[in-house]
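Undergrad: Pasting a structure below so you can have a look.
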Amino acid sequence: MAARGADASERSLGIRRSPIYPEKPKVVASTTGPSTTGAVQPPMQKPGFNVNAGLSNQQNIRASDVYGANNYTTPWADAEAKAKAIADAALAQQSAFQSSLKNVGGASGAGGTGNAGANWQSMYDTAQKNLGAGYDQAKTMTDQGYAALQTYLQNNPNNPYAGFTQQVQPVANPMEQFLSAYGTSNDPVQAQVKAEQFAGEQGAGAFNSLVDILSRSAQGSDASRLAEMQMGQTMAGSGLEAMRGNYQSQNALELLKKRLGTK
Amino acid sequence: MAYNPASYEARRRGYMNDYASTGAMNAYTQFLSQQRGQRDFADMNKAYDKAAPQLVASYGRRGLNSPNVGSGAFQQGLQDFASDRVSKTAAAQQTLNTQNSMDALQNKQLGDRYQQSLSDLEAEKAQQIANDAQELLKLRMGG
């Protein structure tokens, strides 16, 4: 049975202090009388003479006393060293994590202003600036390309059938004077002239209807091309906008990851 | 593929050469066709001009036409002859006219295809520039 006032490591050699909470200096009862200075007094007697006697006379015996100060290589000591190393690493990581958390929101000024956070913010700002410049350049290129197309299409309206009609050739009676010379009436021949004129107009009308359809088709095609150009320009602009938004989101996400210390 | 003005210029030259050679060939073919149609028309009028006095003479030989006699058969014959000439020459004229119109239409369609090809080419240019702009933005952002 350990004496009162002794800690767990002294009561049982199998229980060790966690390295996270290192052992505090302990004031122990002195067997040589009260200290005049109040300082911590080390054990006065070296072990090795009589363990049982040592326990019974309330001496503060340590594991190192039992196994030797210079040969402190018990299995517990190895485990202790490993645990301490793990705990130290965990503490360091936790400290860094907490420091990172403080920097979250630094972009808006709400968080901390650690150096790492400031660097990430700077990188983020640079990336956003490059993105903005790249977007402006791409948008300018796209707009210039479509402006050139629009200029070309407006200067070259494609309506090849404009003003194209078949003229009706007038039908004449070349023998009018000949018939008159022989005292013969031209009336029956004039009826034939009218019939041929009508047939000619019918033929020209059919042809002009064909041309009109082709003309409307060409004009529709031209209007369609202009609309297609405008749609293409809109789509290209929307694509660039989407890309910019995507890259902006990626940059913001990367910044957040850096500040959170995650991958 | 990055925008390459040279490739578009080569294609434009190709369209232009095709338009020029096809147009020239069409123009020559059309000229021959119109020349043949006009010659036929002229020959027809010449034949009618030559036949008219022979028709009058034929009625005279049969006593159906003379300075003092103007029979109904002779007048009917002349009217039929004139009507037939009007009909045949009008048909020939209309055929010739339609042929000219069709030739002109063919030229218009050739020009339409040429213009459409050039417009397509310009549209391709704009589209390629837009695609390249997107690729450049991607490259600028690290792919």
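The values are calculated or read from the model by the stated rules, or taken from the named source; none is laboratory data. Model, not experiment: these values are computed from the prediction. Don't worry about glycine lacking a Cβ; one is built from the backbone with ideal geometry, like all the others, and counts go over all protein chains shown.
Undergrad: Considering only residues that are under 29 Å from residue B:117 (Cα atoms) and basic (Lys, Arg), which ones fall in segment B:1-44?
TA: Hits for segment B:1-44 are B:11, B:12, B:13.
Undergrad: Still on this structure, I have one more. Is it true that residue B:88 is loosely packed, with under 12 Cβ neighbours inside 10 Å and over 14 Å from the mean Cα position of the chain (by Cα)?
TA: No: the conditions fail for residue B:88.
Undergrad: Of these, B:73, B:51, B:82, B:47, which one is at pLDDT below 95, part of a helix (DSSP H, G or I) and not basic (Lys, Arg)?
TA: So the residue among B:73, B:51, B:82, B:47 that is at pLDDT below 95, part of a helix (DSSP H, G or I) and not basic (Lys, Arg) is B:73.
Undergrad: Next question, about the same structure. What do you reckon, is residue B:24 more than 9 Å from chain A (Cβ to nearest Cβ), among the aliphatic types (A, V, I, L, M) and assigned to a helix (DSSP H, G or I)?
TA: Values: more than 9 Å from chain A (Cβ to nearest Cβ): yes; among the aliphatic types (A, V, I, L, M): yes; assigned to a helix (DSSP H, G or I): yes.
So residue B:24 fits the description; yes.
Undergrad: Sticking with this structure for a sec: For segment B:105-143, give me each residue that is under 25 Å from the mean Cα position of the chain (by Cα), facing chain A (nearest Cβ under 7 Å) and surrounded by fewer than 17 Cβ atoms within 10 Å (Cβ to Cβ).
TA: B:111
Undergrad: Another question, then. Taking the condition in a helix (DSSP H, G or I) and within 7 Å of chain A (Cβ to nearest Cβ), does residue B:93 pass? So that I can check it myself, show each step before the final result.
TA: Values: in a helix (DSSP H, G or I): yes; within 7 Å of chain A (Cβ to nearest Cβ): yes.
It is true that residue B:93 is in a helix (DSSP H, G or I) and within 7 Å of chain A (Cβ to nearest Cβ).
Undergrad: Scan segment A:184-204 and tell me whether some residue there is of a type in the set (Phe, Trp, Tyr) and facing chain B (nearest Cβ under 8 Å).
TA: Of the residues in segment A:184-204, the ones of a type in the set (Phe, Trp, Tyr) are A:198.
Next cut, facing chain B (nearest Cβ under 8 Å) only: none.
Looking through segment A:184-204, none of the residues is of a type in the set (Phe, Trp, Tyr) and facing chain B (nearest Cβ under 8 Å).
Undergrad: Return only the number of the condition from (1) more than 60 Å from the chain's Cα centre (by Cα); (2) more than 7 Å from chain B (Cβ to nearest Cβ); (3) surrounded by 17 or more Cβ atoms within 10 Å (Cβ to Cβ) that residue A:171 does not satisfy.
TA: Checking residue A:171 against (1) more than 60 Å from the chain's Cα centre (by Cα); (2) more than 7 Å from chain B (Cβ to nearest Cβ); (3) surrounded by 17 or more Cβ atoms within 10 Å (Cβ to Cβ), the one that fails is (2).
Undergrad: Next question, about the same structure. Output the number of residues of segment A:128-168 satisfying the condition of being assigned to a helix (DSSP H, G or I) and either within 7 Å of chain B (Cβ to nearest Cβ) or within 22 Å of residue B:137 (Cα to Cα) (or both).
TA: The qualifying residues number 24.
Undergrad: Test of understanding: among B:81, B:74, which residue is closer than 17 Å to residue A:178 by Cα, buried (at least 17 other Cβ atoms within 10 Å of the Cβ), more than 7 Å from every other protein chain (Cβ to nearest Cβ) and free of Cβ contacts under 8 Å to residues at least 24 places away in the same chain? Lay out the reasoning, then the answer.
TA: Numbers: B:81 fails: free of Cβ contacts under 8 Å to residues at least 24 places away in the same chain.
Going through B:81, B:74 in turn, the sole match is B:74.
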